[in-house]
Amino acid sequence: MSARPVVSARPVVALHNLTVSYRQHPALHHISGSFAPGSLTAVVGPNGSGKSTLLKSIVGLLPIEGGRSGGALTVTLARQCIAYLPQVAEIDRSFPIDVRDCVLLGCWSSAGAWGAVTRAMQGKVDAALQAVGLEGFERRTIGSLSSGQMQRVMFARMLAQDAKLILLDEPFNAIDAKTTAALLVLVRQWHQQGRTVIAVLHDDALVRQHFPSTLLLARELVGWGATSEVLTERNSRRARAMAEAWDEAAGLCDIDALAAQKATA
């Protein structure tokens, strides 16, 4: 099938000709489409295909290439309404903080830097820890936890944050099957509550079973739509071929080069 973006009248996130580059080499290349409110979307593709880059761009951690080719990324929610879970390897677990205080950080947007922790916030934390099965872990330091326990803590923090847009970067990587199943229950609950969830994943079987929509990337858009239509063998072969053929030393693409010429004319 051809690459077909999801169309929504009032998207939560809209991409228009989006290009994101590292050292002038695109990690995402002219991506257009949108994430509808309440959608549950898996982002898949070969290693180095720009999946994590997409999430970091949405949350505002990476600049967008807008000058040459008019690329744009629009998020219709305020920053405090977005919850972002980075990859496990990016979380500093040496910081001396206990489980309860880590989950309490999910209430930061309500309390602020100098605000008091209210009884309602404490109740949110208690409910979140119970939801992820970590009662009794409140005073454990995060450095003492297993990978699965730490991921439960991060999900609890997102529960406390109560965000409308949830971004998950490889949330089930390096954790056991029991923890994965428990966290998938929370993902389904978020979807049922009408929250928008975007998750970078590698397990195609898990995607087919739990995620109705899929975005397949190979730095460029390969497919975007219903999972059954996107996760085909043909699209998978195309994505692998595109990833293998990508030239890190290549110059600007024709679209970018033309835009650059017009800008300097």
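The values are calculated or read from the model by the stated rules, or taken from the named source; none is laboratory data. The shown structure was predicted, so the numbers you read here are calculated from the model rather than taken from an experiment. Because the Cβ atoms are built from the backbone with ideal geometry, glycine has one as well, and the counts that use them run over all protein chains shown.
Among the residues of the stretch 124-137, is any modelled with pLDDT under 90, among the hydrophobic types (A, V, I, L, M, F, W, C) and either in a helix (DSSP H, G or I) or on the phi < 0 side of the Ramachandran plot (or both)?
no
Looking only at the stretch 25-49, how many residues end up being farther than 18 Å from Ile82 by Cβ, among the hydroxyl-bearing types (Ser, Thr, Tyr) and assigned to a loop (DSSP other than H, G, I, E, B)?
Looking only at that region, the number is 1.
Would you point out the residue of the stretch 11-23, among those that are touching a residue at least 24 places away in the same chain (Cβ under 8 Å) and not in a strand (DSSP E or B), that is nearest to Val200 (Cα to Cα)?
If we take residues in the stretch 11-23 being touching a residue at least 24 places away in the same chain (Cβ under 8 Å) and not in a strand (DSSP E or B), then Val12 is nearest to Val200 (Cα to Cα).
With respect to the numbered conditions (1) at pLDDT 90 or above; (2) surrounded by 15 or more Cβ atoms within 10 Å (Cβ to Cβ); (3) among the aliphatic types (A, V, I, L, M), which one is the sole condition not fulfilled by Val88?
It fails just one condition, (1).
Which condition from (1) over 24 Å from Leu183 (Cα atoms); (2) among the hydroxyl-bearing types (Ser, Thr, Tyr); (3) surrounded by 18 or more Cβ atoms within 10 Å (Cβ to Cβ); (4) at pLDDT 95 or above is the one that Ser39 breaks?
(1)
Which of (1) β-branched (Val, Ile, Thr); (2) at pLDDT 90 or above; (3) surrounded by 15 or more Cβ atoms within 10 Å (Cβ to Cβ) is the odd one out, the single condition Ile64 does not satisfy?
Every condition holds for Ile64 apart from (2).
Any idea which of (1) over 27 Å from Gly143 (Cβ atoms); (2) at pLDDT below 85; (3) surrounded by 15 or more Cβ atoms within 10 Å (Cβ to Cβ); (4) not charged (D, E, K, R) is the one Gly70 doesn't satisfy?
Condition (3) is where Gly70 drops out.
Go through (1) modelled with pLDDT of 90 or more; (2) within 23 Å of Ile175 (Cα to Cα); (3) of a type in the set (Ser, Thr, Tyr) one by one and return the number of the condition Ser94 breaks.
Result: Ser94 fails condition (1) only.
Scan (1) surrounded by fewer than 23 Cβ atoms within 10 Å (Cβ to Cβ); (2) modelled with pLDDT of 95 or more; (3) outside any strand (DSSP E or B) for the single condition Ser2 breaks and write down its number.
(2)
Name the one entry in Thr180, Thr118 that is more than 30 Å from Thr74 (Cβ to Cβ), surrounded by 14 or more Cβ atoms within 10 Å (Cβ to Cβ) and not aliphatic (A, V, I, L, M).
Only one candidate qualifies: Thr180.
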